[in-house]
1. Inside region B:62-95, can you point out the residues that are surrounded by 20 or more Cβ atoms within 10 Å (Cβ to Cβ), away from chain A (no Cβ under 14 Å) and assigned to a loop (DSSP other than H, G, I, E, B)?
2. Condition first: among the basic types (Lys, Arg) and free of Cβ contacts under 8 Å to residues at least 40 places away in the same chain. Can you find one or more residues in region A:116-139 that meet it?
3. Checking the condition more than 17 Å from B:Val55 (Cβ to Cβ), within 9 Å of chain B (Cβ to nearest Cβ), at pLDDT below 70 and open to solvent by less than 40 Å² (accessible area, probe 1.4 Å), which residue from A:Gly77, A:Gly2 passes?
4. Yes or no: region B:11-18 includes at least one residue that is modelled with pLDDT under 90 and more than 8 Å from chain A (Cβ to nearest Cβ).
5. If you check A:Leu53 against the conditions, is it outside any helix (DSSP H, G or I) and either modelled with pLDDT under 80 or at the interface with chain B (Cβ under 8 Å from one of its Cβ atoms) (or both)?
6. How many residues are assigned to a helix (DSSP H, G or I), crowded, with 24+ Cβ neighbours inside 10 Å and more than 9 Å from every other protein chain (Cβ to nearest Cβ) when one looks only at region B:105-129?
7. Taking A:Ala31, is it modelled with pLDDT under 85, in a helix (DSSP H, G or I) and not assigned by TED's automatic domain parsing to the domain that holds A:Arg132?
8. Which residue, of A:Ala150, A:Ala99, is more than 7 Å from every other protein chain (Cβ to nearest Cβ), open to solvent by less than 80 Å² (accessible area, probe 1.4 Å) and either more than 23 Å from A:Asn41 (Cα to Cα) or among the charged types (D, E, K, R) (or both)?
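The values are calculated or read from the model by the stated rules, or taken from the named source; none is laboratory data. Given the structure is predicted, the values throughout are model-derived calculations rather than measurements. Note: ideal-geometry Cβ built from the backbone for every residue, glycine included; neighbour counts use all protein chains shown. Note: accessible area is taken over every heavy atom of the protein model, side chains too, but ligands, DNA and RNA are not part of it. Shrake-Rupley method; radii C 1.70, N 1.55, O 1.52, S 1.80 Å.
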Amino acid sequence: MGDVTTFVLYGLALSWLAFSFARDRKKAEQALRKAWKSFANILPAFLVVLLVLALVVVLLPEATIAAFLGEKSGFLGYLLASVVGAVTLVPGFVAFPMAKVLLDHGAGVAQMAVFISTLMMVGVVTLPLEIRYFGVKAAVWRNLLAYCYAFLIGYGVWIFVKVVR
Amino acid sequence: MVKDILRTYRGFFVLLGLCFVTFFFSPLLGRKVFTVALQNILFMLSVVPPVFILVGLFDVWIPREMVVKRLGEASGMVGIGIALALGAFAAGPLYAAFPVAEVLLRKGVSLRNIWVFLGAWSTMKIPMLLFEIQNLGPVFAASRYFMSFLGVLAIAFLLNCFLSLEEKNRIYPPFEAP
């Protein structure tokens, strides 16, 4: 699923680039220079984030996450789930199948919604990167608000699912 | 030159060292760390180039007035709608959204719309929604999507209230001579 959108993005970028070269060579070259510059600027931070991710994912394996989210994990497990979701940054195409497996094994709907939401919206690992763009206060507040709101999402999804069933 | 590279990539080298330390203590885990790291980097390098090319083209070709009118301070509901759509039809992880947000800011998009855009990018992507429906069913996916939608708007609104004018001005990147 993610592959299709990446493919579309490549198509979009390349056709615009071709159009740009046809219309105004100078402008096209300028665009490429700018593209490279903003990439080179952020590459060091990207690499740091990706290495931290690799270390976290390997040293904190799925089995541990599953244990946190088990049926009998209680409120503490609920809280731990949100923390794990906030720290790790798993792409959706890994998170959703994982959440399905956990749901099939008795994890709660609310916990899963919180887990997925914090996974996607809160990134402690990417926080330094975000700070570079938006400053400390804005970046920290955005993540904090998203973290707190994830619990509301959990509650809302729990109610919706209950009503429909 | 070498010194510059060492300084710029300081964090990267420190973490690389940490990976080697892991390898030293447990070759099995260490090899896994390196494999995952390489996968991550290759994934980033495969997803991110079109994003940056589009950022560059956008910067050069799209006039500032056009963006300000549709997504600036006075853009209202239409601006919010466009910001939501921009984020929802994007692809790639959240870290790819930051450079896009930067160029949008430079073109005069209001901060509130930037928060909406980031929120939509992080949790309201349409391709992800389809995948979520496949895996977790329409009720779960739709209700989570709806709750996320409310949250994205609420967070954008609250962030705007929390930041002082001075802090907001500092976020805007300096104008670049074309």
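1. B:Ser75
2. yes
3. Values: A:Gly77 fails: within 9 Å of chain B (Cβ to nearest Cβ).
So the residue among A:Gly77, A:Gly2 that is more than 17 Å from B:Val55 (Cβ to Cβ), within 9 Å of chain B (Cβ to nearest Cβ), at pLDDT below 70 and open to solvent by less than 40 Å² (accessible area, probe 1.4 Å) is A:Gly2.
4. First, the residues of region B:11-18 that are modelled with pLDDT under 90: B:11.
Adding the requirement that they be more than 8 Å from chain A (Cβ to nearest Cβ) leaves none.
No: region B:11-18 contains no residue that is modelled with pLDDT under 90 and more than 8 Å from chain A (Cβ to nearest Cβ).
5. In short, no.
6. 5
7. no
8. Numbers: A:Ala99 fails: more than 7 Å from every other protein chain (Cβ to nearest Cβ).
Criteria check complete, one pass: A:Ala150.
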